1. Can you pull out the residues in segment 237-248 that are without any contact (Cβ under 8 Å) to a residue 24 or more places away in the chain and in contact with a strand residue (DSSP E or B) (Cβ under 9 Å, 6 or more places away or on another chain)?
2. Being closer than 30 Å to Thr69 by Cβ and touching a helix residue (DSSP H, G or I) at 6+ places or on another chain (Cβ under 9 Å): is that true of Arg264 here?
3. So Gln93 ticks every box in (1) at pLDDT 90 or above; (2) farther than 21 Å from Asp156 by Cα; (3) not β-branched (Val, Ile, Thr) but one. Which box is left unticked?
4. Could you list, ordered by first residue, the pairs with Cβ atoms under 6 Å in which the first is in segment 200-218 and assigned by TED's automatic domain parsing to the domain that holds Ala250 and the second is at pLDDT below 95 and aliphatic (A, V, I, L, M), at least 6 apart or interchain?
5. Does Leu131 satisfy the criteria of being of a type in the set (A, V, I, L, M) and either more than 30 Å from Tyr208 (Cβ to Cβ) or in contact with a Pro (Cβ under 9 Å, 6 or more places away or on another chain) (or both)?
6. Looking at (1) surrounded by 14 or more Cβ atoms within 10 Å (Cβ to Cβ); (2) modelled with pLDDT under 90, which one does Ile60 not meet, given that it meets all the others?
7. What pairs can you find where one residue is in segment 331-344 and surrounded by 15 or more Cβ atoms within 10 Å (Cβ to Cβ), the other is at pLDDT below 95 and of a type in the set (A, V, I, L, M), and their Cβ atoms are less than 8 Å apart, with a gap of 6+ or different chains?
8. Tally the residues that are loosely packed, with under 13 Cβ neighbours inside 10 Å and modelled with pLDDT of 75 or more, restricting the search to segment 26-50.
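The values are calculated or read from the model by the stated rules, or taken from the named source; none is laboratory data. Just so you know, these numbers come straight off a predicted model, no measurement behind them. We place every Cβ from the backbone using ideal geometry, glycine too, and count neighbours over all the protein chains shown.
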Amino acid sequence: MLLPEGCEGFMATMADVARRANVSISTVSHVINGTRLVSPETRQTVLAAIQETGYTRNTIARSLVTASTQTVGLAISGISNFYFANIIAAIEQEMGSAGYKLLLTETHDDPKQEFTMVEALHQRRVDGLFLAPSMGRDNPTLHHLRRLGVPTVLVDRFASDDFDQVGSENRRSTASLVQHLAELGHQRIGMISGISGICTTEERVQGYLDALQVGRLTFDPALIQCGQSHADPAEEAVYQLLTLRDPPTALVVANNYMAIGALRALRRRKVRIPDDIAFVSFDDFEWAELMHPRLTTIAQPIERMGAEAARLMLRRIADPKQEPRAVRLEPTFMHRESCGCIDV
């Protein structure tokens with residue numbers, strides 16, 4: 001980078017680029033912002049001048065003029081979870097196509113951490129915020145976002161009708177897993193549920209209960225154990241089920257992370273799938289097809305969910321006063337062998 005003589009710490013401006021390229025400042029602006037066609041030769045000259053001077057667009061100053069930083073925030077738990085990672089990728093691709101950058105924060109499903117991360121994103125003047133809320137309607141973060149008036153889209157978890165929100169249909173989908181097991185003759189069907197207070201947990205548990213009622217199966221509270229939405233607690237929850245005097249002959253696991261812990265527990269106790277216990281899970285994953293036996297799952301439309309969340313955000317940024325929308329997406333029943341079926 002070439003600096004004016006004797007100017008350590010010099011920060012190049014658009015005017016410096018224009019002088020270096022021997023063009024007008026407006027031409028430099030058009031090249032940088034793509035607001036008007038510029039001849040290929042002039043464009044290359046300007047780009048070379050930008051490289052030589054070390055000019056970077058001052059997005060902070062630009063945001064003061066336009067009231068937009070062209071950034072959006074995402075506060076979510078389990079960034080390393082491939083389910084959420086795929087949602088993030090879909091949101092980033094859709095928002096990137098519209099010229100937005102994505103700032104990502106981890107909430108750990110902790111309401112205090114969630115509030116802190118959302119406030120940090122707000123202080124960075126994001127134009128909108130995606131949130132997978134850690135709580136339902138009494139969530140202090142949601143109250144805070146209402147006061148701020150920041151364009152917000154709730155992702156994966158439905159928590160309040162006055163926000164745009166997108167997620168999967170959970171209740172009927174979970175019921176379909178349980179009903180399938182009941183049709184195969186299972187009467188003692190266990191469930192590993194997620195973190196309490198989250199709508200996905202409540203809806204999937206309710207789907208489990210719905211299916212028991214339809215199948216006229218006796219509800220035993222001991223057959224529902226909480227796996228806290230993570231692998232290690234889910235492993236312990238499976239051990240609790242296996243120690244029952246009358247253990248389950250089939251198991252429904254309410255998300256992919258917990259499926260890892262549940263499978264680990266069964267392997268360590270040398271419980272065979274599906275010979276000793278039928279196994280089904282909410283959430284599909286790439287290696288479900290590679291397991292032996294292959295896992296019967298509910299596959300959520302992850303990419304579509306992320307893309308729909310981004311579209312809701314762009315719509316909200318463009319018109320903050322419009323009525324909020326709730327979008328429920330239908331998952332897919334992935335019928336494989338772990339439920340005990342053959343030739344599927």
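1. Step one: list which residues in segment 237-248 are without any contact (Cβ under 8 Å) to a residue 24 or more places away in the chain, which gives 240, 243-245.
Residues satisfying the conditions are Gln240, Leu244.
2. So Arg264 does not fit the description; no.
3. (2)
4. Pairs found: Thr201/Ile195.
5. No; evaluated as a whole, the condition is false for this residue.
6. Only one criterion is unmet by Ile60, namely (1).
7. Filtered contacts from segment 331-344: Met334/Ala288; Arg336/Ala288; Arg336/Val344; Glu337/Val344; Ser338/Met291.
8. Let us first name the residues in segment 26-50 that are loosely packed, with under 13 Cβ neighbours inside 10 Å, namely 26, 33-37, 39-41.
Retained after the next criterion (residues that are modelled with pLDDT of 75 or more): 26, 37, 39-41.
The total comes to 5.
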